[in-house]
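K.L.:
Below you'll find the structure I mean.
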Amino acid sequence: MKVMKITGFTFIRNAILYDYPIVEAIRSILPICDEFVVAVGASEDDTLSLIKNMNSDKIRILQTVWDDSLREGGRVLALETDKAFQAISEDTDWAFYIQGDEVIHEKYLPNILSAMEKWKDNEQVDGLLFDYLHFYGSYDYVAFTSKWYQQEIRVIKNNKSIYSYRDAQGFRKNDDEKLWVKKVEAYVYHYGWVKPPEKQQLKQQTFNKLWHDDRWVDTHVAKGAQFDYSGIDALKRFEGTHPAVFQKRIAEKNWVFDFDISKNKISLKNKIKNILKKYLGLNLDYRNYRILR
């Protein structure tokens with residue numbers, strides 16, 4: 001019987017400049033990966049050395065150059081994802097995708113492995129679907145309204161008809177066909193909105209250029225030295241624990257963010273969607289996948 005092979009894959013550029021926890025992201029799933037492909041884009045900082053210094057014989061670096069002329073819909077992010085996916089070993093069964101600001105808690109790794117083993121030979125299953133926790137402002141608060149995607153695919157079969165979709169949020173196959181997935185009991189901890197305010201502001205000023213032209217960025221991205229976290233509509237307190245690989249980063253947090261959860265400003269649209277979901281089981285959120293029952 002063939003032993004199941006798992007390959008992790010991701011892409012990154014300017015991880016130090018924009019304070020991406022890429023090392024923690026990789027380390028969070030490295031224990032269950034047989035190899036890990038990291039597409040490292042030519043950077044303005046020492047991101048390449050950062051990945052090299054992880055000193056893991058599982059990690060294989062693919063040096064890439066981003067096409068910065070692609071400034072619509074975050075398309076370049078999908079292309080970089082595809083470069084990493086196409087570089088994984090042919091004998092890989094499952095490809096585990098993680099972005100540079102996502103981390104998996106170690107408590108979920110057994111569940112993920114179990115799901116991989118269960119569905120590895122089922123040709124109907126294209127991938128595995130994860131729940132999401134979107135941290136915001138600090139490590140103590142989670143965003144929860146429908147503006148934030150609640151689920152997405154992070155494990156896919158090694159099927160080269162699968163490709164990264166739109167701005168690399170998820171995947172499709174063949175000619176824009178949604179993947180068939182099985183739900184895995186695991187969360188992705190998304191830390192993209194938890195950074196020092198000056199790093200978050202720098203990211204907003206530059207990262208939006210992957211979606212929009214200079215005029216849009218100049219009009220819609222607030223000016224200033226620090227990002228204003230107070231504009232969020234609704235948050236709730238996080239009552240759980242953070243992944244072990246993230247504890248050092250949490251201990252080094254050097255800014256203050258507090259939010260009065262009693263003053264949530266949930267829109268009427270979100271309130272209606274929440275009521276329909278809670279009492280009628282109607283989920284009106286966008287779904288980039290099809291769940292196999």
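The values are calculated or read from the model by the stated rules, or taken from the named source; none is laboratory data. Fair warning: this is a prediction, and the values are worked out from it, not measured in the lab. We place every Cβ from the backbone using ideal geometry, glycine too, and count neighbours over all the protein chains shown.
K.L.:
Every residue in region 1-47 that is aliphatic (A, V, I, L, M), closer than 20 Å to E198 by Cα and surrounded by fewer than 22 Cβ atoms within 10 Å (Cβ to Cβ), please.
P.N.:
Listed by number, the residues that qualify are I16, L17.
K.L.:
State whether the residues of region 148-156 include one that is closer than 19 Å to K182 by Cβ, among the basic types (K, R), in contact (Cβ under 8 Å) with a residue 60 or more places away in the chain and out of contact with any helix residue (DSSP H, G or I) (no Cβ under 7 Å at 6 or more places or on another chain).
P.N.:
No, region 148-156 contains no residue that is closer than 19 Å to K182 by Cβ, among the basic types (K, R), in contact (Cβ under 8 Å) with a residue 60 or more places away in the chain and out of contact with any helix residue (DSSP H, G or I) (no Cβ under 7 Å at 6 or more places or on another chain).
K.L.:
Looking at Y97, is it buried (at least 22 other Cβ atoms within 10 Å of the Cβ) and either modelled with pLDDT under 95 or of a type in the set (S, T, Y) (or both)?
P.N.:
yes
K.L.:
Test V256 against the stated conditions and say whether it is assigned to a helix (DSSP H, G or I), of a type in the set (A, V, I, L, M) and modelled with pLDDT of 90 or more.
P.N.:
No.
K.L.:
OK, next. For region 57-79, how many residues meet the condition of being of a type outside the set (A, V, I, L, M), loosely packed, with under 14 Cβ neighbours inside 10 Å and over 15 Å from T206 (Cα atoms)?
P.N.:
2
K.L.:
Separate question: For S69, state whether it is at pLDDT 95 or above and among the polar types (S, T, N, Q).
P.N.:
no
K.L.:
Go through (1) under 28 Å from E252 (Cα atoms); (2) touching a Gly at 6+ places or on another chain (Cβ under 8 Å) one by one and return the number of the condition L109 breaks.
P.N.:
Here L109 meets the rest and fails (2).
To keep it simple, each residue is scored yes or no on (1) farther than 21 Å from E24 by Cα; (2) modelled with pLDDT under 95; (3) not charged (D, E, K, R).
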{"site": "Y141", "(1), (2), (3)": "no, no, yes"}
{"site": "T145", "(1), (2), (3)": "yes, yes, yes"}
{"site": "Q150", "(1), (2), (3)": "yes, yes, yes"}
{"site": "K157", "(1), (2), (3)": "yes, no, no"}
{"site": "S164", "(1), (2), (3)": "yes, no, yes"}
{"site": "Q169", "(1), (2), (3)": "no, yes, yes"}
{"site": "K173", "(1), (2), (3)": "yes, no, no"}
{"site": "K183", "(1), (2), (3)": "yes, no, no"}
{"site": "Y187", "(1), (2), (3)": "no, no, yes"}
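K.L.:
So, of the residues in region 188-227 that are of a type in the set (G, A, S) and farther than 18 Å from H134 by Cα, which turns out to be nearest to the chain's Cα centre (by Cα)?
P.N.:
Filtering region 188-227 for residues that are of a type in the set (G, A, S) and farther than 18 Å from H134 by Cα, the one nearest to the chain's Cα centre (by Cα) comes out as A222.
K.L.:
If I ask for residues that are in a loop (DSSP other than H, G, I, E, B) and either surrounded by 12 or more Cβ atoms within 10 Å (Cβ to Cβ) or at pLDDT 75 or above (or both), which ones from region 259-283 would you list?
P.N.:
F259, D260, N264, K265, I266, S267, N283
K.L.:
Residues of region 109-126 being polar (S, T, N, Q) and under 18 Å from Y289 (Cα atoms), which ones?
P.N.:
N122, Q124
K.L.:
Name the residues in region 122-164 that are more than 13 Å from the chain's Cα centre (by Cα) and of a type in the set (F, W, Y), would you?
P.N.:
Scanning region 122-164 gives Y136, Y139, Y141, F144, Y163.
K.L.:
Can you tell me which residue in region 1-29 is nearest to K107 (Cα to Cα), limited to those that are out of contact with any Asp or Glu (no Cβ under 6 Å at 6 or more places or on another chain) and among the aromatic types (F, W, Y)?
P.N.:
Ranking the qualifying residues of region 1-29, first place goes to F9.
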